[in-house]
Amino acid sequence: MKVLVACEFSGTVRDAFIARGHTAISCDLLPTEKPGPHYQGDVLPILNEGWDLMIAHPPCTYLTSSGLHWNKRRPERAKQTEEAIHFVKMLAAAPIPRICIENPIGCLSTRWRKPDQIIQPHQFGHDASKSTCLWLRGLMPLRPTEHIAPRMVNGKPRWSNQTDSGQNKLGPSADRWALRSLTYPGIAQAMAEQWG
Ligand SMILES: C[S@@+](CC[C@H](N)C(=O)[O-])C[C@H]1O[C@@H](n2cnc3c(N)ncnc32)[C@H](O)[C@@H]1O
């Protein structure tokens with residue numbers, strides 16, 4: 001298959017498809033972190049190039065529940081939220097038969113449509129919790145591949161990336177957004193095995 005991985009600088013999903021014999025390219029405004037087929041630039045002008053499958057990870061800064069919290073204090077962010085929703089809708093309207101759009105829980109569910117599936121890295125072999133919504137066209141929901149059990153804290157499940165109270169352990173840093181946005185390899189492998 002000819003696969004476009006939109007909004008990916010890590011090369012994780014791209015390389016999972018290449019490892020299974022597909023022609024895959026990542027695209028991001030940023031350069032790729034791992035050497036491999038990558039188009040650095042805006043993805044919108046290349047949507048019409050005969051792809052069989054697109055997996056897209058559009059920016060979530062102005063879409064997630066935690067990000068929207070800041071819109072009340074900084075009204076100028078509302079415009080950026082509208083632009084982010086418009087970008088997702090442009091991706092979803094691409095002339096590609098199989099599309100997966102991935103994003104954390106946020107306003108897309110109400111402003112666009114409910115996700116087809118919500119997955120967790122701990123269903124795909126990682127000791128981590130991160131609710132991830134998938135909006136699918138022409139694709140079956142992903143089947144979990146390996147369940148990782150949590151530790152129990154006062155009757156509540158917690159995974160390694162969480163404190164006992166359920167917060168993410170990653171402290172503030174300049175590259176926090178990038179680290180938090182990386183696709184888990186177990187999820188990338190499941191995408192390539194099940195959708196390839
Ligand atoms: C949430 S991150 C996704 C990271 C991805 N999960 C990975 O493992 O590399 C969103 C990415 O979208 C990219 N982006 C934003 N607008 C874009 C556009 N118009 N075309 C291509 N990439 C874009 C950003 O540069 C950013 O790296």
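No value in this document is a laboratory result; all are computed from the given coordinates. All of these numbers come straight from a predicted model, not from anything done at the bench. Please note: Cβ atoms are built from the backbone with ideal geometry, for glycine as well, and neighbour counts cover all protein chains shown.
Annotation: of all residues in region 16-41 being within 17 Å of the chain's Cα centre (by Cα) and in a loop (DSSP other than H, G, I, E, B), the one that is nearest to Leu91 (Cα to Cα) is Leu29.
You will find that of Ala19, Ala78, Ala56, the residue that is in contact with a helix residue (DSSP H, G or I) (Cβ under 8 Å, 6 or more places away or on another chain) and free of Cβ contacts under 8 Å to residues at least 12 places away in the same chain is Ala78 and no other. When each of Val13, Val3 is tested for being assigned to a strand (DSSP E or B) and of a type in the set (A, V, I, L, M, F, W, C), the lone residue that passes is Val3. Looking only at residues of region 1-29 that are within 15 Å of the ligand (Cβ to nearest atom), among the small types (Gly, Ala, Ser) and over 14 Å from Ala178 (Cβ atoms), we find that the one that is surrounded by the fewest Cβ atoms within 10 Å (Cβ to Cβ) is Ala16. When Ile118, Ile96 are checked against the criterion of being in contact with a strand residue (DSSP E or B) (Cβ under 6 Å, 6 or more places away or on another chain) and outside any loop (DSSP other than H, G, I, E, B), Ile118 stands alone in meeting it.
Taking every residue in region 171-185 that is away from the ligand (no atom under 12 Å from the Cβ) and pairing it with any residue that is assigned to a helix (DSSP H, G or I), at least 6 positions away or on another chain, the pairs with Cβ-Cβ distances below 8 Å are Ser173/Leu179. One residue stands out in region 54-93 among those that are in contact with a strand residue (DSSP E or B) (Cβ under 8 Å, 6 or more places away or on another chain) and part of a helix (DSSP H, G or I): the one that is surrounded by the fewest Cβ atoms within 10 Å (Cβ to Cβ), namely Ser65. Is it true that Thr32 is of a type in the set (Ser, Thr, Tyr), within 9 Å of the ligand (Cβ to nearest atom) and touching a residue at least 40 places away in the same chain (Cβ under 8 Å)? Taking the combined requirement at face value, the residue does not satisfy it.
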